[in-house]
Amino acid sequence: MKGLTKDRLWAIAVLTPSILLLAIFVYGFIGRTVYVSFTDWGNDPAQALALNPIIKWVGLANYQELFTGFLQGRFRQEMISTIFFTVFFILGCLGLGLGLALALDRNPKGEALWRTIFLFPMSLSFIVTGTIWRWMLQPQGGVNQLPAAFGGKPSTFGWLSSTDSVLKFDWNLLPIITAVVVAIVMGVIAYRAFASGQRTRTIVAAASAAVLLLWAVFVAPNLKMLPAPEVHGFNLALVGIVIAAVWQMSGYTMALYLAGLRGIPEELREAARVDGANEIDMYRRVVFPLLAPITLSAMIILGHISLKIFDLVYAMAGPDNTFASVPALNMYLTSFRQNQFALGAAIGTILLILVAFIIVPYLSSQFRTEESH
Amino acid sequence: MSKVQFKKALLVAAALAVTTSAAAAGKLEIFSWWSGDEGPALEALVKLYKQKYSSVVVDNATVSGGAGTNAKAVLKTRMLGGTPPDSFQAHAGQELIGTWVVANRMEDLSALFKSEGWDKAFPKDLTALISSKGGIWSVPVNVHRSNVMWYNPAKLKAWGVTVPKTWPEFITTCATLKSKGVAAPLVMGENWTQQHLWESVMIGTLGAQGWQNLFSGKLKFTDPRVVGAFTTFGKVMDCANKDASGLSWQQASDRIVDGTSAFNIMGDWAAGYFTTTKKLAPGTGFGWATSPGTSKVFVMLADSFGLPKGAKNRTEATNWLKVLGSKAGQDAFNPLKGSIAARIDSDLSKYNTYSRSAATDWKTNKIVGSMVHGAVAPESFTSAFGAIIDQFAATKNSAGAAAAAQQLAVKSGFSK
């Protein structure tokens with residue numbers, strides 16, 4: 001055989017173990033989890049931990065239970081919570097990270113020291129961060145006592161213990177809301193494509209926006225996921241967790257941005273200045289566009305951390321505070337406390353799909369750019 | 001082979017034989033979540049066991065974590081992996097039955113109960129709680145009481161209120177206290193302590209029989225009486241602090257000591273906290289009463305050990321269980337743990353003031369099991385019930401919470 005040179009044989013020999021391990025311990029287990037999520041393992045307590053459990057195929061019943069079952073309101077709240085958490089966490093990290101990076105980019109005194117200080121929280125584990133912030137956010141603790149230090153009244157805000165929520169909506173309206181939001185996005189895409197003269201793209205995007213809107217107006221109101229209205233919203237108990245997470249990861253975002261800023265050649269800035277751009281214009285038209293790929297990478301890294309977050313929430317709010325809970329926590333409790341392995345596997349699969357939404361487009365775009373090089 | 005070498009070889013062989021025979025004399029692996037404060041109590045039991053069976057090597061496998069949250073997860077992986085410990089700790093009652101007995105993983109201990117005379121040593125109500133399908137499944141080591149209301153006697157006097165005897169009375173007292181400037185007459189902590197409170201309100205409103213019927217499926221959660229009890233629970237919660245989910249039970253107890261709140265419903269491990277950690281005298285530094293409406297009822301929870309099928313050292317494990325159930329074993333363990341003996345013939349002189357009063361009630365009161373601590377409901381119910389309480393705390397919708405609880409009960413298999 002011509003292809004099997006010594007070099008290639010070596011490559012195969014060296015790669016095989018990790019390919020095998022990956023195939024079994026990552027993809028094999030993913031496959032097994034997805035399979036379990038289609039069964040009824042654990043729905044009958046007598047079979048959950050039996051020596052040879054009788055496990056039946058139930059198709060999508062577990063998923064249906066999670067999204068429309070009367071008892072799974074906790075899971076639905078967690079889905080909403082995790083989306084809010086992700087949005088605020090990413091916005092917080094990007095905003096704070098960019099701000100810090102811009103400040104450090106102007107080479108203040110002791111820049112290296114500041115950089116280390118800002119980056120330092122990242123070296124802690126989420127459990128440590130969570131424990132520290134849990135103490136500081138106690139009802140009578142640190143943060144709430146701050147106003148007293150300046151002669152004010154101590155705050156009584158329940159950082160982790162609040163039971164209030166804002167931006168409330170009925171779960172039954174979720175299909176309509178989703179359809180309208182996607183339709184608006186499609187509309188924007190269509191408009192942009194129209195402006196840049198891409199005909200097919202305009203037509204496809206506009207048509208799908210129209211279909212979605214029609215569906216939202218005529219079909220969705222007749223859909224009823226739950227028999228009774230179920231209100232979900234952004235739980236204020238998550239605010240404390242968002243703060244702790246931003247504290248931990250914004251230094252890292254700063255490092256990413258700083259690398260990006262340092263990568264912008266000085267000539268470009270000088271050219272902009274020569275062309276008469278003031279500072280603000282230079283940032284708006286030169287620096288920020290060049291930082292866009294950094295923002296994308298940061299969003300992806302932060303996004304997948306936030307979707308599967310478990311330890312921080314566990315350390316800060318404990319496993320039983322449903323107002324500050326996330327799907328990963330529920331997956332653990334459902335599987336290992338309630339012994340409902342199939343339902344837990346379904347939650348795990350949903351999390352995997354959520355993360356895939358973020359990771360897969362990124363990976364494919366990476367591959368494309370690598371190929372084009 | 002020279003002569004010396006041969007002798008050496010013989011010696012080694014002999015030594016090997018000795019060690020293997022020592023190993024054959026027995027090993028016992030016990031699995032629990034008793035570490036930290038409870039460690040010495042377990043040590044006392046192990047010591048007692050070693051006095052009787054000195055040749056047995058005891059492997060004390062503990063996985064720390066309150067109420068066994070971590071230990072139970074480890075136990076599940078071990079059982080599923082086919083290497084069960086010889087004997088493991090579990091909350092007595094449905095927590096063990098609903099998880100392991102229904103899965104056919106435990107041995108029936110009825111014969112042991114008969115031969116050791118335990119069917120007479122333990123109260124009948126207790127034996128009923130740890131039995132199902134005609135078998136008895138674990139040996140209770142200790143007993144804690146869940147329905148206790150703690151207060152600060154000096155503070156109650158200053159406020160001019162007395163200990164309420166029923167829940168409606170409690171709500172009246174609460175209004176009085178609020179008018180005197182006590183913002184939260186009742187203090188509660190994180191989610192499980194709220195379930196703990198719910199349990200006391202339910203038993204205080206439905207009575208012991210109603211509570212038993214609720215978990216045997218005879219009484220539905222959607223019954224108007226239960227819905228009404230949920231409403232009472234809502235009113236009781238209105239008396240409580242708003243930052244509950246941020247507090248541990250110890251922090252909640254602290255608010256009784258410092259007089260921020262008047263009452264706290266907590267299990268009797270709080271007595272140990274008040275006396276040992278807070279150095280308060282029982283009766284004067286802190287006071288207690290049965291929670292409202294439950295005066296002749298003992299809501300119990302117990303730790304117990306069972307015998308899993310496929311235990312490697314079955315004889316040693318059985319001997320371990322015999323020590324646990326014996327009078328000497330229970331009286332060695334419980335004074336250190338701060339609980340009372342499950343047996344009714346224990347030597348009260350070894351116990352502290354609070355425990356003596358609890359032990360007296362243990363013999364005379366009607367005994368029912370606790371839900372939140374795993375005696376009357378399986379894990380699938382208790383673990384998911386927390387979300388219902390949280391939901392109720394936010395909405396105060398009694399009918400909705402009752403309907404959700406009923407559906408959960410059906411799913412957990414004890415109601416129809």
Using a basic spin-label model with each label point 7 Å from the Cα along Cα→Cβ, how many nm lie between B:SER55 and B:LYS235?
6.7
Taking H placed 1.01 Å from N in the peptide plane, check which residues at least 5 places from B:GLY369 or on another chain put their amide H under 5 Å from its amide H.
B:MET300
Which ordering of A:GLU270, A:GLU371, B:GLU116 is given by a fewest-first count of other beta-carbon atoms within 10 Å?
A:GLU371, A:GLU270, B:GLU116
I'd like the mean, over residues of A:63-70, of how many other protein chain beta carbons sit within 10 Å of each residue's own Cβ.
1
Least to most buried among A:MET79, A:MET225, B:MET188 (fewest other Cβ within 10 Å first)
A:MET225, A:MET79, B:MET188
Could you pull the Cα extents of region A:168-234 along its three principal axes, largest to smallest, in whole Å?
47, 26, 11
Toy charge model, Lys and Arg Cβ at +1, Asp and Glu Cβ at -1: chain B dipole around Cα centroid in debye, rounded to 20, equals 540
Between the alpha-carbon centers of region B:279-347 and region B:114-169, tell me the distance in whole angstrom.
11
Given Cβ charges of +1 for Lys and Arg and -1 for Asp and Glu, the option among B:VAL410, B:SER380, B:GLY329 whose Cα lies farthest towards the positive end of the dipole of chain B is B:GLY329
To the nearest 20 Debye, how big is the dipole of region A:67-179 about its Cα centre, given +1 on the beta carbon of each Lys and Arg and -1 on that of each Asp and Glu?
160
Protection-proxy order for peptides B:93-99, A:112-118, B:249-255, B:43-49, each taking the mean of Cβ atoms within 10 Å per residue, highest first
B:93-99, B:249-255, B:43-49, A:112-118
Could you compute Rg(Cα) / (2.2 N^0.38 Å) for chain A, with N its residue count?
1.20
Per DSSP, the loop-located trypsin sites (Lys or Arg not before Pro) within region A:1-46 having at most 11 other beta carbons within 10 Å are A:LYS2
Total charge dipole magnitude, the protein assembly as shown, about the Cα centre, Cβ charges on Lys, Arg, Asp, Glu only, Debye to nearest 20:
1160
Separation in nanometres of the label points that stand 7 Å from Cα toward Cβ, at A:LEU363 and B:GLU116
5.5
Ranked by GNM mean-square fluctuation in chain B (Cα springs under 10 Å), the top entry among B:VAL297, B:VAL141, B:VAL161 is B:VAL161
Using amide H atoms built in the peptide plane, which far-off residues or other-chain residues are under 5 Å from B:LYS27 H to H?
B:VAL57
Averaged over every viewing direction, what's the projected area of the C-alpha convex hull for region B:202-316? Give it in nm², one decimal, please.
11.7
Fewest to most neighbouring Cβ within 10 Å: what's the order for A:MET122, A:MET254?
A:MET122, A:MET254
Using a Förster distance of 51 Å, how high is the FRET efficiency between A:GLN64 and A:THR5, based on the Cβ-Cβ distance and rounded to 0.05?
0.40
Multiply the residue gap between A:LEU146 and A:ILE280 by 0.36 nm, knock off their C-alpha separation, and tell me the result in nm, one decimal place.
44.7 nm
Rg/Rh for the protein assembly as shown to two decimals, with Rh computed the Kirkwood way over all alpha-carbon pairs.
1.03
Once both label points are put 7 Å beyond Cα along the C-beta direction, the A:LEU113-A:PHE310 separation in nm becomes 4.1
Roughly speaking, what % of Cα-Cα pairs in region A:1-131 are separated by over 21 Å, rounded to a whole number?
73
With only helices counted (DSSP H, runs n ≥ 4, each -39500 (n - 2.57)), the per-residue ellipticity at 222 nm for chain A, to the nearest 500, works out to -21500 deg cm²/dmol
Relative contact order in percent for chain A (Cα pairs under 8 Å, 6+ apart) equals 28
If I take every Cα pair under 8 Å that is 6 or more residues apart in chain B, average their sequence separation and divide by the length, what percent do I get for the relative contact order?
27
Pull up all non-local amide H partners of B:VAL148: gap of 5 or more, or a different chain, and H-to-H distance under 5 Å with H placed in the peptide plane.
B:MET266, B:SER291
Compute and list, largest first, the equivalent-ellipsoid semi-axes of region B:252-327 from the alpha carbon gyration tensor, each √(5λ) rounded to a whole angstrom.
38, 15, 12
Along the charge dipole of chain A, which of A:ILE117, A:LEU104, A:ILE294 sits closest to the positive end, that is, farthest toward it, with unit charges on the beta carbon of Lys, Arg, Asp and Glu (+1, +1, -1, -1)?
A:ILE294
In Å, the C-alpha Rg and Dmax of chain B are 23.8, 98
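We did not get these values from a lab; they are worked out from the coordinates using the rules stated. Since the model is a prediction, treat every value here as computed from it, not as a measurement. Positions of Cβ are generated from backbone atoms using ideal geometry, with glycine treated the same way; all protein chains shown enter the neighbour counts.
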